[in-house]
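The values are calculated or read from the model by the stated rules, or taken from the named source; none is laboratory data. Since the structure is predicted, the reported quantities are computational estimates derived from the model, not experimental observations. Cβ: placed from backbone, ideal geometry, glycine included. Neighbour counts: every protein chain shown. Areas reflect the complete protein model, heavy atoms only, side chains present, ligands, DNA and RNA absent. Shrake-Rupley method; radii C 1.70, N 1.55, O 1.52, S 1.80 Å.
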Amino acid sequence: MATRAEGAQAYLPGRGGLPALREAVEGCRGCPLYRDATQAVFGAGPAGARLLLAGEQPGDVEDRRGSPFVGPAGRVLDDALEAAGIAREEAYLTNVVKHFKFRRDERGTRRIHRTPSRTEVVACRPWLDAEIREVDPEVVVFLGATAAKAVLGPQFRVTRERGNLLTLPEDAAGGAGRSALATVHPSSVLRSDDEQRRAAFDALVEDLRVVAR
């Protein structure tokens, strides 16, 4: 049995591609987040997709349904991808952390998102590396600071680099020479007030258009 210190690496199958990874992630005990989540939420999309988008973690709806980006933020992402000229069904969508981290509200009826710790992100990173290896995309898009820092380093700032084409570091799976881009998470559009929401959405679309071009 793997220990907490080993993270996810001990649970990765040696072969079998994405189907084997998707099956194995359900048994991952590489960090404590599995204890409270409904299930692990693995990536979705075609092997061989030219574009891989990685967010922070599944939300409440994703945790219940077992698929990435199917909640409110996912609908924003769908609209943004369409506006940028990118077909969602041709992209691979995933998260850097595969289990939903949350706290209960005072009444215990709502599950409120909590940001994964650096330790939890590092523990879960082998799953993302394996997905990048298997999908072999031309470009990886990081949605939000947690996702970007998971691969580009803790000093990375989305506010400084958003929308710029970068190169993945060599320690990322297949990173050498692979392009990357960081932008905001679509949930940030939902958190914007009514006056700023349209501008926030348009800025997200413009970042995605860099990839589409």
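Solvent-accessible area per residue in the stretch 104-212 equals 52 Å², computed with a 1.4 angstrom probe and all protein chains kept.
Measuring r between the beta carbons of ALA83 and GLU138 and using R0 = 22 Å, the FRET efficiency lands at 0.60.
For the chain, what's the relative contact order in percent, using C-alpha pairs closer than 8 Å and at least 6 residues apart?
Reported relative contact order: 22 percent.
In the chain, helical runs assigned H by DSSP with n ≥ 4 each contribute -39500 (n - 2.57); averaged across all residues and rounded to the nearest 500, the mean residue ellipticity at 222 nm is -11500 deg cm²/dmol.
Gain in length, GLU170 to GLU26, computed as 0.36 nm per residue apart minus the alpha-carbon separation, to one decimal in nm?
Full extension of this stretch gives 49.0 nm more.
Computed about its Cα centre, the charge dipole of the chain is approximately 620 debye, with only Lys, Arg, Asp and Glu carrying charge at their Cβ. Among the listed values (1) 0.97; (2) 1.19; (3) 1.03, the one matching Cα Rg over 2.2 N^0.38 Å as calculated from this structure is (1). Accessible surface of the chain, 1.4 Å probe: 45 percent of it comes from carbon and sulfur atoms. Taking 0.36 nm per residue of separation and subtracting the Cα-Cα distance, full extension of the segment from GLU206 to SER117 would add 29.1 nm.
The slack in the chain from ARG213 to GLN9, taken as 0.36 nm per residue of separation less the alpha-carbon distance, amounts to 69.9 nm. Can you work out the FRET efficiency for the pair GLN196 and ARG160, with r the C-beta to C-beta distance and R0 = 22 Å, to the nearest 0.05? Efficiency, from the Cβ-Cβ distance: 0.65. Contact order for the stretch 1-112, expressed relative to its length and based on alpha carbon pairs under 8 Å spaced 6+ residues apart, stands at 27 percent. Ordered from highest to lowest accessible area with the whole protein assembly present and a 1.4 Å probe, LYS101, LYS149 read as LYS149, LYS101.
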